[in-house]
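Right, one structure below, let's go through it.
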Amino acid sequence: MMHELENKSDPVQVHRESLIQLAKKYGTPLYVYDSYKIKKQYIKMKKAFSGIKNLIINYACKANTNLNILKLLQKLGSGLDTVSIQEVELGLKAGFHPKRIIFTPNCVSIQEIKEAVGFGVRINLDNLSILEQFGEYYPDYAIGIRINPHIMAGGNSKISVGHIDSKFGISYYQIPHMKRILKNTGLKIEGFHMHTGSDISEIKAFLAGAKVLFQTAIDFKNLDYIDFGSGFKVPYKKDDIQTDLNSLSSYLTKEFEIFCKNYGSQITLIFEPGKFIVSESGYFLVSVNVIKHTTSTVFAGVDSGFNHFLRPMFYDAYHCIENISNPNGRFRFYTVVGYICESDTFGFNRKVKEIREGDILCIKNAGAYCFSMSSNYNSRYRPSEVMIFKGKDFLIRKRETMQDLLRNIVDIQHII
Ligand SMILES: *Cc1c(COP(=O)(O)O)cnc(C)c1O
């Protein structure tokens, strides 16, 4: 089945000229997603772990929740990893069966978890207080448990979520307490889960976490799955390191096989990649408003900012910036900044083909955690999104308007 998908006549990549055309057609700022790349990444992961009999890939949709992207992944056979009840609802709207949706929240209320039960989705709990309450309400609703394996991993401290002082997961030192709660309430466990953070390039970190899950899971009967979360790193620049899927697979497949043998049944292995699936599919197109020289720097000021694209400012993330309007220009150095009234630097001191006012810049790896982290700061409209599907472009989200900014305002001007 995987090979069939690969042979369909999809464009191999999005070309510079077509991006220019899209910027003209839809205006900037504009997000463009190449559905073929999303498909390719999904298939790549399935293939890398094809040695595992029961493999499930749940797309972690907080990376990009456009309904059309969810639908695309649903059609490819993916499940969905969600972290809020709203993401659960979007998943259902995109056509995912409730049992193909896993709800993996952190610090949400018992009310929100009750709503998830109402939708019939799989639930993964990550603290003992809610576990105890859940067991009182729903002793027959089998759940997953997020274990904190106490591993320091991840690209930086904001996205490292599996260490001992992280707010995520139930410490594996607290398993005796967890067992007490299960006994007291009669609740059953259907799976164990971990997610140690994003941007993990160290396979050792995955394997150390996996070992903790295996050691934990072996004591529990009738498990359905073990979920190894995500953290798969993708390249953000040329020669960047990325998670070596094949070597991870060769180790993990072996370890998982041994576990299943010891455990006495072939349970399911789950991954929940977000960034890996969608990051490289995305291109963010902006127009250059102003070229500004200071005593030290040449700034290229564009028609966007951290309201639309937060990762460089929030995580110090590096995103490649290309001047697609001037491919034959000579390289010069620029600091590319936004129009928000705060420092919002997309790229510091970058070598880019000569930039002129009016040029279109393309910011890469814009598929994951870009639109989904956007806001209306400075009362700007959020951009539109376009998906390229089988060689055609489709508007998949309209640009906002003043009406969107005012929609929820309750006007009490007459009494002010
Ligand atoms: C965010 C998240 C993911 C996805 O992480 P990526 O680094 O984007 O692959 C997976 N699982 C959970 C529980 C998450 O919160």
In the stretch 131-149, is there at least one residue being in contact (Cβ under 8 Å) with a residue 12 or more places away in the chain, open to solvent by 20 Å² or more (accessible area, probe 1.4 Å) and within 15 Å of the ligand (Cβ to nearest atom)?
no
Wholly within the stretch 230-321, which helices (runs of 4 or more DSSP H) include no fewer than the required count, namely at least 3 residues that are over 16 Å from the mean Cα position of the chain (by Cα)?
245-263
Considering only residues that are part of a helix (DSSP H, G or I) and open to solvent by 60 Å² or more (accessible area, probe 1.4 Å), which ones fall in the stretch 40-68?
Lys40, Lys44, Lys47, Lys62, Leu67, Asn68
Return the only residue of Arg356, Arg350, Arg399 being within 28 Å of Gly274 (Cβ to Cβ) and assigned to a loop (DSSP other than H, G, I, E, B).
Arg399
Using the structure shown, decide if Ser287 is surrounded by fewer than 20 Cβ atoms within 10 Å (Cβ to Cβ) and either at pLDDT 95 or above or within 28 Å of Lys233 (Cα to Cα) (or both).
yes
Output the qualifying pairs, or none if there are none: Cβ atoms under 8 angstrom, residues six or more apart or on different chains, first residue in the stretch 368-397 and without any contact (Cβ under 8 Å) to a residue 40 or more places away in the chain, second residue more than 16 Å from the ligand (Cβ to nearest atom) and not in a strand (DSSP E or B).
Ser379/Leu405; Tyr381/Arg399; Tyr381/Glu400; Tyr381/Thr401; Tyr381/Asp404; Tyr381/Leu405
Exclusive hit being on the phi < 0 side of the Ramachandran plot, within 16 Å of the ligand (Cβ to nearest atom) and touching a Cys at 6+ places or on another chain (Cβ under 8 Å), set Tyr236, Tyr283, Tyr315, Tyr225
Tyr236
Of all residues making up the stretch 69-98, the number that are within 16 Å of the ligand (Cβ to nearest atom), more than 19 Å from Phe271 (Cβ to Cβ) and not in a helix (DSSP H, G or I)
1
What residue, of Gly301, Gly231, Gly305, Gly329, is among the small types (Gly, Ala, Ser) and either open to solvent by 40 Å² or more (accessible area, probe 1.4 Å) or within 16 Å of the ligand (Cβ to nearest atom) (or both)?
Gly231
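The values are calculated or read from the model by the stated rules, or taken from the named source; none is laboratory data. Every value quoted in this text rests on a predicted model; they were computed, and no experiment measured them. All Cβ positions, glycine included, derive from the backbone under ideal geometry; neighbour counts span all protein chains shown. Calculation scope for accessible area: heavy atoms of the full protein, side chains included, ligands and nucleic acids excluded. Shrake-Rupley method; radii C 1.70, N 1.55, O 1.52, S 1.80 Å.
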